[in-house]
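Have a look at the structure below, then the notes.
Just so you know, all these numbers are worked out from the coordinates, no wet-lab data involved. What you are looking at is a predicted structure, and each value in this text was computed from that prediction instead of being measured. Using ideal geometry, Cβ is built from the backbone for each residue, glycine included, and neighbour counts are taken over all protein chains shown.
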């Protein structure tokens, strides 16, 4: 266990940050899954709507450092490509 006041504070901060990041990462995966499910159901309108709502979530996760910028870019690119296969 930490002995210094500052170390105890850092542990508390880390726990709080980890919980927040876990929630955001889970939310990100949910939005990506919604796009993939709409494409699997061959529902073009729903897929485009899901993609439009997923892109800001993906970009936000990259901005917050939850995922790498390249990872976000790759996800957006692949999902867009996937949705365009329905057209």
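For the chain, the 222 nm mean residue ellipticity estimated from helices alone, with every DSSP H stretch of n ≥ 4 adding -39500 (n - 2.57) and the total spread over all residues, rounds to -29500 deg cm²/dmol. For the Cα atoms of the chain, what angle does the longest principal axis make with the long axis of helix 69-84, in degrees from 0 to 90, nearest 10? Computed tilt is about 20 degrees.
Most tightly packed first, judged by the mean number of other beta-carbon atoms within 10 Å of their residues, the peptides 1-8, 17-24 read 17-24, 1-8. In this rough spin-label picture, where each label sits 7 Å from Cα along the Cβ direction, the residue 42-residue 11 distance is 5.7 nm. For segment 29-73, rounded, prolate or oblate, judged on the Cα gyration tensor with a ≥ b ≥ c (square roots of eigenvalues), a/c < 1.5 rounded, else prolate if a/b > b/c? Verdict is prolate for segment 29-73.
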